[in-house]
Amino acid sequence: MRFTKTALTSALALTAMTLLSGFSNAVPAPPDISLAAVQAHLGQFQRIADANGGNRAHGRPGYRPSVDYVRAKLDEAGFRTTLQPFTYNGATGWNVIADWPGGDQDNVLLVGGHLDSVTTGPGINDNASGSGAVLEIALTVAKQNFQPRRHLRFAWWGAEELWLIGSDHYTKKLPQTERAKIKSYLNVDMIGSPNPAYFVLDGDRYPTGSVAIERALKDYFTSIRVPAEDIDMGGRGDHASFSRYGIAVGGPFTGAEGIKTTAQANKWGGTAGRAYDVCYHRACDRTGNIHATALDRNTDAVAYAVWTLAAAPFAP
Ligand code: DTR
Ligand code: CA
Ligand code: ZN
Ligand code: ZN
């Protein structure tokens, strides 16, 4: 089996980090997040949508039970949680914010994804996949009592589908002194597309793109021999609510209505000429619309980035 130089370098880096963590508790090895646990969260979100008119959209009956499910898990695990209400289109929505006690409060690593779906479906890939992954990563932080250098905060945004309403409300309402403490925002939105791409927000090209987040995600993908591709997500995602204030942003993405190219199918598998997610914003975006390996790989890549970036001083 031929190893590329980059894969070898990254594998060596990963090995070194794992060995080092054996001698010092300063940098524990990033964990393998349980795919089964993430899939269980997706099953809960599916059940909530099925019991509430088929969706989990802002202003519809399925959104608040989604909030309550996430918050209950976090409270049980020892997080300091807050529900931040906001009103949009005459309906109340909520952001769920969870702080992990400890770490430098002036150097926050924030990890989040939107919790709402569109009105036309349950939103399992878009974005129970991201919400479930961020939830299980947060619960694993608690299980392992990870005590990194930087303060860790996790967030689940409302009304992203109505154009970033929840995350925009959060950053707008945050006093500048508090906003300035958030050094990096890692957005997790659509990470289980059935015909998956392995995109990473381009730290060089995107305004306030984080090279550190891009590097960490790519190092993980390289270590599992998955060649990630840069993407400029533009303003389509909650990362934009942070980059507007100059905060370094990044994140993975497995694709939406875009069409997979032949070159991409050759390196990632899947079907060229077909959308990354044919059920994007449709009723068929259910638990059966998830590519389990893509979900697992991206969840572990985000966990690797969290453990790596939280344990080191801030880098943009
Ligand atoms: N997750 C999508 C937003 C999104 C982010 N990047 C792209 C690229 C192409 C289409 C959509 C998106 C959503 O919440 O709708
Ligand atoms: Ca895993
Ligand atoms: Zn989304
Ligand atoms: Zn969407």
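Only one of these conditions is not met by Trp156: (1) open to solvent by 10 Å² or more (accessible area, probe 1.4 Å); (2) more than 12 Å from ligand 1 (Cβ to nearest atom). Which number is it?
The one condition Trp156 does not meet is (1).
What pairs come out if I take residues in the stretch 123-150 that are open to solvent by 10 Å² or more (accessible area, probe 1.4 Å) and part of a loop (DSSP other than H, G, I, E, B) and pair them with residues that are at pLDDT below 95 and of a type in the set (Val, Ile, Thr) whose C-beta lies under 9 Å away, six or more apart or interchain?
Close Cβ pairs satisfying both conditions: Pro148/Val27.
Of the conditions (1) within 16 Å of ligand 3 (Cβ to nearest atom); (2) in contact (Cβ under 8 Å) with a residue 60 or more places away in the chain; (3) not basic (Lys, Arg), Leu201 fails just one. Which one is it?
It is condition (2) that Leu201 fails.
Output the number of residues of the stretch 236-257 satisfying the condition of being within 9 Å of ligand 1 (Cβ to nearest atom) and surrounded by fewer than 17 Cβ atoms within 10 Å (Cβ to Cβ).
Of the residues in the stretch 236-257, 2 are within 9 Å of ligand 1 (Cβ to nearest atom) and surrounded by fewer than 17 Cβ atoms within 10 Å (Cβ to Cβ).
Does the stretch 267-274 contain at least one residue that is within 30 Å of Arg47 (Cβ to Cβ) and crowded, with 24+ Cβ neighbours inside 10 Å?
Scanning the stretch 267-274, I find no residue that is within 30 Å of Arg47 (Cβ to Cβ) and crowded, with 24+ Cβ neighbours inside 10 Å, so the answer is no.
Within the stretch 141-149, identify whether any single residue is under 26 Å from Glu178 (Cβ atoms), away from ligand 3 (no atom under 16 Å from the Cβ) and either under 17 Å from the mean Cα position of the chain (by Cα) or of a type in the set (Gly, Ala, Ser) (or both), and answer yes or no.
Within the stretch 141-149, one or more residues are under 26 Å from Glu178 (Cβ atoms), away from ligand 3 (no atom under 16 Å from the Cβ) and either under 17 Å from the mean Cα position of the chain (by Cα) or of a type in the set (Gly, Ala, Ser) (or both).
Those residues that are closer than 22 Å to Leu295 by Cβ and either open to solvent by 20 Å² or more (accessible area, probe 1.4 Å) or touching a Lys or Arg at 6+ places or on another chain (Cβ under 7 Å) (or both), I need them from the stretch 161-191; list them, please.
Passing the criteria: only Glu161.
Do you know which residues across the stretch 256-278 are in contact (Cβ under 8 Å) with a residue 24 or more places away in the chain and either more than 13 Å from ligand 3 (Cβ to nearest atom) or within 20 Å of Ala305 (Cα to Cα) (or both)?
Passing the criteria: Gly258, Lys260, Gln264, Lys267, Trp268, Gly270, Thr271, Arg274, Ala275, Val278.
Looking at the stretch 33-41, is at least one residue closer than 16 Å to Ile191 by Cα, open to solvent by 40 Å² or more (accessible area, probe 1.4 Å) and not in a helix (DSSP H, G or I)?
yes
Does any residue in the stretch 158-173 that is within 16 Å of ligand 2 (Cβ to nearest atom) come within less than 8 Å, Cβ to Cβ, of a residue that is open to solvent by 30 Å² or more (accessible area, probe 1.4 Å) six or more places away or on a different chain, and which pairs are these?
Pairs found: none.
I'd like the residue in the stretch 125-147 that is out of contact with any strand residue (DSSP E or B) (no Cβ under 8 Å at 6 or more places or on another chain) and more than 16 Å from ligand 2 (Cβ to nearest atom) and, out of all such residues, is modelled with the highest pLDDT.
Here the residue is Asn125.
Might you let me know whether the stretch 102-118 holds any residue that is outside any helix (DSSP H, G or I), open to solvent by 10 Å² or more (accessible area, probe 1.4 Å) and β-branched (Val, Ile, Thr)?
yes
Applying the selection to the stretch 55-101, what residues are open to solvent by less than 30 Å² (accessible area, probe 1.4 Å), not in a strand (DSSP E or B) and not hydrophobic (A, V, I, L, M, F, W, C)?
Correct list: Asn55, Arg56, His58, Gly62, Tyr63, Ser66.
The values are calculated or read from the model by the stated rules, or taken from the named source; none is laboratory data. Keep in mind the model is a prediction, meaning the values are calculated, not measured. Ideal geometry is used to build each Cβ from the backbone, glycine not excepted, and the neighbour counts take in all protein chains shown. Keep in mind that these areas ignore ligands, DNA and RNA; they rest on the heavy atoms of the full protein, side chains included. Shrake-Rupley method; radii C 1.70, N 1.55, O 1.52, S 1.80 Å.
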